[in-house]
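The next block holds one structure in the form of structure tokens; read it before the comments.
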Amino acid sequence: MALIQPKESGNGGIPFQCPMLTSTNYTTWTIKMEAIMDAQGVWESIQPTGGVAIDEKKSKKARDFIFQALPDDVILEVTQKKTAKEVWDSLKTRYLGANQVQKARKHTLQSEFDALQMKEGETIDEFAGKLSGISSSYVSLGESLANRVLVRKLLCLCPRKIYATRCLH
């Protein structure tokens, strides 16, 4: 994590941590970076609302935040991008892939979800964590699993000693 000291004193001059992007944390990294940039008033340069023109100064500040959270090899790949949105979109394409790749990932994720079984000795919390992870992966691909589907999967796969009734499909 990189410590970032905002130039404005909106947070009382206290530095906050900006997460470093890795090959495995893209989804949580985007959530944290969105929160940081939104708190600093620059998220609108990534995701403008209502057709409002993007403020160039805010875009530069957002680009700076993103660059501080990237490893050197990734910075070298996106350095030619001049706006925060261009950098953000480039990272999204790199880590999530194009539409065809996303469709393949969704299909793979659905297969993983369908095949997921509770292992002998696995706790309900551990299994629920796996379900939550798959659900988060769906969200990162722009989809979602309905809560009823997740609850049904959890209840259907719990051992009978925990959940005594048979599961109806």
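The values are calculated or read from the model by the stated rules, or taken from the named source; none is laboratory data. In this text the structure is predicted, and so the values were computed from the model without any measurement. Using ideal geometry, Cβ is built from the backbone for each residue, glycine included, and neighbour counts are taken over all protein chains shown.
One table, with the values for the structure above:
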quantity: Segments classed as helices (runs of 4 or more DSSP H), wholly inside the range 17-119, with at least 2 members that are under 30 Å from Cys156 (Cβ atoms) and of a type outside the set (A, V, I, L, M); calculated: 26-39, 99-115
quantity: Pairs where the first residue, in the range 147-166, is over 12 Å from Ser135 (Cβ atoms) and surrounded by 11 or more Cβ atoms within 10 Å (Cβ to Cβ) and the second is at pLDDT 60 or above and polar (S, T, N, Q), C-beta under 9 Å, 6+ apart; calculated: Leu157/Gln117
quantity: Looking only at the range 44-64, and only at residues there that are hydrophobic (A, V, I, L, M, F, W, C) and under 19 Å from Thr93 (Cβ atoms), the one that is surrounded by the fewest Cβ atoms within 10 Å (Cβ to Cβ); calculated: Ile46
quantity: Residue match in the range 84-101 (condition: under 18 Å from Leu21 (Cβ atoms) and acidic (Asp, Glu)); calculated: yes
quantity: Enumeration of residues in the range 25-44 that are aliphatic (A, V, I, L, M) and within 20 Å of Glu86 (Cβ to Cβ); calculated: Met33, Ile36, Met37, Val42
quantity: In the range 102-121, the residues that are farther than 17 Å from Thr24 by Cβ and out of contact with any helix residue (DSSP H, G or I) (no Cβ under 7 Å at 6 or more places or on another chain); calculated: Lys103, Ala104, Lys106, His107, Gln110, Ser111, Asp114, Ala115, Lys119, Glu120, Gly121
quantity: Residue within the range 62-81 that is touching a residue at least 40 places away in the same chain (Cβ under 8 Å) and charged (D, E, K, R) present; calculated: no
quantity: Number of the exception - Lys130 against (1) assigned by TED's automatic domain parsing to the domain that holds Leu21; (2) of a type in the set (D, E, K, R); (3) not in a loop (DSSP other than H, G, I, E, B); calculated: (1)
